[in-house]
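Readers should treat all values here as calculations from the given coordinates under stated rules, not as data from a laboratory. Predicted model, so just to flag it, every value in this text is computed and none were measured. Glycine also receives a Cβ, built like all others from the backbone with ideal geometry; neighbour counts cover every protein chain displayed.
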Amino acid sequence: SYKIILINSVLIELSSCLGSLLVMIRLIPAGTTIGYVYLGPCTFISMFFCHFAYCTVLHACAHSLYLCLLSFGYRLYVLQRPAPSRNAMIAVCAAIYLPSLAALV
């Protein structure tokens, strides 16, 4: 059942890496604000697509942190109790995904 967490982590990290490769963002501080300049291949499509890809990268980074917390919690849980079922882990991963999905929307 830990395999579910690992597969989820790999897919999230892969989407983050691909999104970062597509966006290649440069942050420019301007007083109290920050300007975004997209330098990656997404500029050939549209600025909206670049912004969507960057939001996906931020979403993946946040979800990666939640998965790290879940991973430590799972390891602690397994030290004291039997491993949860595969369906239970899928449900937990889906529940952990909801906060980062809400931030994406």
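List of remarks:
- Burial order of peptide ranges 35-48, 9-22 (average beta-carbon count within 10 Å, highest first): 9-22, 35-48
- Phi-based couplings in Hz for segment 22-38 (Karplus 6.51, -1.76, 1.60; Gly and Pro marked x): 6, 7, 6, 8, 10, 9, 10, x, 9, x, 9, 10, 10, x, 10, 10, 8
- Local electrostatic count, Cys68, Cβ distance below 13 Å [Lys/Arg +1, Asp/Glu -1]: 0
- One decimal place: the segment His51-Ser1 gains 14.5 nm when fully extended, by the rule 0.36 nm per residue minus the C-alpha distance.
- Evaluated at q = 0.14, 0.15, 0.22 Å⁻¹: base-10 log I(q)/I(0), Debye formula over Cα of the chain: -0.64, -0.70, -1.11
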